[in-house]
Structure formats: C-alpha cells, structure tokens
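Since the structure comes first, as structure tokens, the remarks are kept for the end.
The values are calculated or read from the model by the stated rules, or taken from the named source; none is laboratory data. From a predicted model like this one, the values you see are computed outputs, not experimental measurements. As a convention, Cβ positions derive from the backbone with ideal geometry for all residues, glycine included, and neighbour counts pool all protein chains shown. What goes into the accessible areas is simple: the full protein's heavy atoms, side chains included, and nothing from ligands, DNA or RNA. Shrake-Rupley method; radii C 1.70, N 1.55, O 1.52, S 1.80 Å.
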Amino acid sequence: MFRLAVFLCALCAVSWGFLCLRIVTPGKWGGRPANCSSPLKAVQTGYVIVLHTAGSSCKTGAECNQQMTNIQHYHMNNKGWCNIAYNFLIGEDGKVYEGRGWNTEGAHTYGYNDISLGIAFIGDFTGRSPNAAAWIALKHLLHFAVENGYLSSDYLLMAHGDVSNTISPGQPIRNVLKMWPHYKH
C-alpha cells in the first residue's frame, strides 16, 4: 500500500507539476475527540465556502499543528461547539488539516453549514493572499473531493463574505477566487 501511495504521489507531481495532497488528520495534529454527529445533507455536496481563521498564520508543520490545537480549543471551549467549525483548514506549509472532515456538518456559515464544505486558510488574509503552497493545497483538495465523490463536479465556490456579512476571507483571497472557474457570486 505504501509503494502505491508513493507511486501515485510521484505520478501526481509529474502530471500536475506540483506536490500531492497532504491531509493531516486530527490524530496527527494533536486534536481532541469531537462530539459532532450531524451529517451533511448530501454525501456529494455542491458548495464550497472559503474562509480564513482570522488568527495567526503558520508556515511549518509544528506551527500549523499548534494553530490547529489553538483553534480547536477556542471553538470547543469558548464557543461551545462540538469541534472546529470548518471541515478542512489549509496552512502555508502546503498541507490540509482535517477539522470536521468530509461528511460532517460545519459551523462556519449560517444557512450553508449542512450543504457545504467549509475550507479555511489558517491566518488573517485581509491584507495579503496566502502563499502559493496554500493555494496549491486548496486546488488539490477540491480536485480530490470531486474525484472521490465528496463534491459535485459542478460545485459552486464562494467566499465567506459572498453569503455572510463578514470580511472573511479577505479581499486578497476573493480576488484570486474570482478567477477560478467554479467561483460564483
């Protein structure tokens, strides 16, 4: 199995010209067990909401692991939620960090929590865009989601501020998303 994964990653790097999707599970980033049980309305959702966490960014695995535990602590202890609000989070280390995962309802965008994947860039991006590694990770995550039936091939991609009265995920992110084919506002 390991050899197959290495082969597929190498094939991915050759075919697409950049690194493969790397998802870090809660067990690897130091997450606590979640208390969430509400599933998304459909296994194959048609919406993706892109957000930012509005806190500190991270550029190394150690920094991102720490940010993930900080976010989980804040969301569970201060907000009283069952886990991190987002389905996935992306660090500037180029990795995707699992929050609630594929099939669990989020707590990120009122009216969309049960029908969308909430994907947050780790950090505050009101004044700058995430680095290239983070954008590549988002592209890989979306491609993987479509290829594995978690996301409809005709999904709609939206910024958090497109459907909620917020500045999240910041204008620099919105400027990039506007150029993507699935973006809708």
**Percent of beta bridges antiparallel (DSSP, the chain, rounded to nearest 5)** = 20
**Request:** Please give every one of the aspartates and glutamates within straight-line cross-link reach of Lys184, meaning a C-alpha to C-alpha distance under 15 Å, and leave out same-chain neighbours fewer than 8 residues apart.
**Result:** Asp154, Asp162
**Item:** Apportionment of accessible area to carbon and sulfur, the chain, percent (1.4 Å)
**Value:** 54
**Request:** Return, ordered by residue number, the residues of region 126-142 whose backbone nitrogen is under 19 Å from a label point located 7 Å along Cα→Cβ of Tyr74.
**Result:** 126-131
**Request:** Express in nm, to one decimal, how much length is gained between Leu156 and Thr60 on full extension, taking 0.36 nm for each residue of separation and deducting their alpha carbon distance.
**Result:** 31.5 nm
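At 222 nm, what value in deg cm²/dmol follows for the chain if DSSP H runs of at least 4 each add -39500 (n - 2.57) and the sum is divided by all its residues, to the nearest 500?
-9500 deg cm²/dmol
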**Request:** Please list, or write none, the aspartates and glutamates whose alpha carbon is within less than 16 Å of the alpha carbon of Lys28, excluding same-chain residues fewer than 8 places away.
**Result:** Glu63, Asp93, Glu98
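Send over a whole-number figure in Å² for the accessible area per residue of the chain, probe 1.4 Å. Please report the intermediate quantities before stating the final value.
Values: 9220 Å² over 185 residues.
It amounts to 50 Å² per residue over the chain.
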**Message:** Please compute the length gained on full extension between Lys139 and Thr126, using 0.36 nm multiplied by the number of residues separating them and subtracting their Cα-Cα distance.
**Reply:** 2.6 nm
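Sort 141-151, 92-102 by packing, meaning the average of other beta carbons within 10 Å per residue, with the highest value first. Before the final figure, lay out each step's value.
On the way: 141-151: 17.1, 92-102: 22.4.
Top to bottom by mean Cβ count within 10 Å: 92-102, 141-151.
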